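Asks: Dropping the structure in here first, questions after.
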Amino acid sequence: MDRILVIGAGGQLGTELTKALAQKYGNDKIIATDFQETAKSKFEYCSFQTLNVMDKAALVNIVAQEHITQIYHLAAILSASGEKNPLQAWDLNIGSLLNVLEVAREYKVEKIFWPSSIAVFGPHSEKQNTPQQAYKDPNTVYGISKLAGEHWCEYYFNKYGVDVRSLRYPGLIGYKSMAGGGTTDYAVDIYHKAAKAEKLICFLKEDTYLPMMYMQDAVNATLQLMEAPKENITIRNSYNIAGMSFSPKEMHESLLPYYPKFEMEYQPDFRQAIADSWPNSIDDQCAKKDWDWKPAFDLNAMTAVIVKNLPAYFKY
Ligand code: AKB
């Protein structure tokens, strides 16, 4: 019987992935955790506990007591926040992953999911359709920690047989929670500003192309990867996945049919250099081949859904 632990459930991805896992496996099979007690209000439909994943004894307790069979470890400090406190970002991103991998090994947890990111690529990686095996020279602490984490995942699989699976997410965009501390956050904020009839001061230049993905595609990709037969998983560090690629200017244009007066002003800050070091677009043929990955949303389809749902969801 599956018993699923979600760590960092209160975050942008966790909020939607936890719900999808509950729909798939049943509310009573899910234990949502977050280090913030305030996240509890999001999880009335399943069990919730506060957990600081850096506290290994507390993690062991939950895994042993709840007979956990799968862990989704989503807690991380993202790219922009990481640059403000690099050592803390390294400690949390790598320390927490090692806690999870060790607990998985010791307690024979059947499957682990851990998110990586397009941030593993760097200024010398191919920019267009960046391949799975592209040269990687990340220059943010977040990217460095994700690349090191990918190697740790592969190590635990090869050495101990821990079935850990991973995706290199692009910027994730949804309407059910705010993004927090990333370089792609403008692409979430933009919908809020438009809905509130406010101007967006965009921290990237208008022609900065980045790989992005609608949240529903990200959730589906995660569930698909985790359900795939073990023998199909040929990539044990982390899979490239692609959804769409666009610039802030194109995003603005996609919103104008709904909000003709919506304005953007461009004031690039330190996040521009991070964005410039990342790919413009991603080649995901390994994910397509190994577990049949296919995204459903492009920019206009995503905008149509978000514009329809976000204002009511946030009571604007
Ligand atoms: C970030 O911008 O840091 C994240 C990511 C691309 O991993 N959204």
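Asks: Using a probe radius of 1.4 Å on heavy atoms only, what accessible surface per residue do you get for the chain? Whole Å² is fine.
Replies: Spelled out: the 1.4 Å probe surface of the chain, per residue, equals 43 Å².
Asks: Here's another thing I want to ask about it. Taking the stretch 241-273, which chymotrypsin sites (Phe, Trp or Tyr not before Pro) meet the DSSP loop condition and have no more than 12 other C-beta atoms within 10 Å?
Replies: Counting only loop positions with at most 12 other Cβ atoms within 10 Å, the chymotrypsin sites (Phe, Trp or Tyr not before Pro) in the stretch 241-273 are F270.
Asks: Counting DSSP beta bridges with both partners in the stretch 155-293, what percentage is antiparallel, nearest 5?
Replies: So the antiparallel bridges amount to about 25 percent of the total.
Asks: Could you work out which residue, out of P248, P268, P138, moves most in a Gaussian network model of the chain, that is, has the largest mean-square fluctuation with Cα springs under 10 Å?
Replies: The residue with the greatest mean-square fluctuation here is P268.
Asks: Could you check the simple spin-label distance between A20 and A64, using points 7 Å along Cα→Cβ, in nm with one decimal?
Replies: 3.3 nm
Asks: Then there's this: In a Gaussian network model over the chain where Cα atoms closer than 10 Å are linked, find which of I118, I173, I62 has the largest mean-square fluctuation.
Replies: Checking each option, the largest mean-square fluctuation is seen for I62.
Asks: Find the relative contact order for the stretch 182-316 and round it to a whole percent, using C-alpha pairs within less than 8 Å whose residues are 6+ positions apart.
Replies: 41 percent
Asks: Suppose accessible area is computed on protein heavy atoms with a 1.4 Å probe; arrange K289, K136, K199, K146 from highest to lowest.
Replies: K289, K199, K136, K146
Asks: Report the Rg/Rh value for the stretch 147-291, based on alpha-carbon coordinates and the Kirkwood definition of Rh.
Replies: Computed over Cα atoms, the ratio is 1.04.
Asks: For the chain, what is the charge dipole size about the Cα centre, in debye to the nearest 20, if Lys and Arg each add +1 at the Cβ and Asp and Glu each add -1 at the Cβ?
Replies: That gives a dipole near 420 debye.
Asks: Also, I was wondering about something else. Considering just Cα atoms, how many Å³ per residue does the convex hull of the chain enclose?
Replies: Taking only Cα atoms, the chain has a hull volume of 121 Å³ per residue.
Asks: Could you give me the ³J(HN,Hα) list for the stretch 139-148, computed from phi with Karplus coefficients 6.51, -1.76, 1.60 and θ = phi - 60°, whole Hz, x at Gly and Pro?
Replies: 3J(HN,Hα) across the stretch 139-148, in whole Hz: 10, 10, 5, 4, x, 5, 5, 5, 5, 4.
Asks: Please state the charge dipole magnitude for the stretch 167-281, taken about the Cα centre, from unit charges on C-beta atoms (+1 on K and R, -1 on D and E), reported in debye and rounded to the nearest 20.
Replies: Roughly 240 debye for the stretch 167-281.
Asks: Then there's this: Is the stretch 79-130 best put as rounded, prolate or oblate by its Cα gyration tensor, with a ≥ b ≥ c the root eigenvalues, rounded for a/c under 1.5, and otherwise prolate when a/b is larger than b/c, oblate when not?
Replies: oblate
Asks: Which distance in nm do the two modelled labels at D28 and S247 give, with both placed 7 Å along the Cα-to-Cβ direction?
Replies: Output for this residue pair reads 5.5 nm.
Asks: Which pairs break 20 Å Cα to Cα here: K111/K159; K196/K308; K56/K230; K108/K146; K193/K261?
Replies: K56/K230; K108/K146
Asks: What's the angle, to the nearest 10 degrees (0 to 90), between helix 86-106's Cα axis and the longest principal axis of the chain?
Replies: Tilt relative to the chain: about 40 degrees.
Asks: I'd like the antiparallel share, as a percent to the nearest 5, of DSSP beta bridges with both residues in the chain.
Replies: In the chain, approximately 10 percent of DSSP beta bridges are antiparallel ones.
Asks: Right, next: Would you compute, for the Cα atoms of the stretch 181-256, the largest minus smallest coordinate along each principal axis and list the three values in descending order, in whole Å?
Replies: 49, 23, 22
Asks: Relative to the longest principal axis of the C-alpha atoms of the chain, give the angle of the C-alpha long axis of helix 299-313, reported between 0 and 90° and rounded to the nearest 10°.
Replies: Long axis of 299-313 versus the principal axis of the chain: about 80 degrees.
Asks: Looking at the square roots a ≥ b ≥ c of the eigenvalues of the Cα gyration tensor of the stretch 90-231, which shape do they give, rounded for a/c under 1.5, prolate if a/b is larger than b/c, or oblate?
Replies: Taking the square roots of the gyration eigenvalues as a ≥ b ≥ c, the stretch 90-231 is prolate.
Asks: Can you bin the stretch 38-77 into rounded, prolate or oblate? Criterion: square roots of the alpha carbon gyration tensor eigenvalues sorted a ≥ b ≥ c, rounded for a/c under 1.5, prolate for a/b above b/c, oblate for the rest.
Replies: Oblate.
Asks: 222 nm [θ] for the chain, helices only, -39500 (n - 2.57) per DSSP H run of 4+, per residue, to 500?
Replies: Counting only the DSSP helices, I get -13000 deg cm²/dmol.
Asks: Measure nothing but the geometry: give the 0 to 90° angle between the long axis through the Cα atoms of 215-227 and the longest principal axis through the Cα atoms of the chain, rounded to 10°.
Replies: It works out to around 20 degrees.
Asks: Sequence gap at least 6, Cα distance under 8 Å: using those rules, report the relative contact order of the chain to the nearest whole percent.
Replies: Computed value for the chain: 19 percent relative contact order.
The values are calculated or read from the model by the stated rules, or taken from the named source; none is laboratory data. Quick caveat, the model's predicted, so the values are computed rather than measured. Here the Cβ is made from the backbone with ideal geometry for all residues, glycine too, and neighbour counts use every protein chain on show. Calculation scope for accessible area: heavy atoms of the full protein, side chains included, ligands and nucleic acids excluded. Shrake-Rupley method; radii C 1.70, N 1.55, O 1.52, S 1.80 Å.
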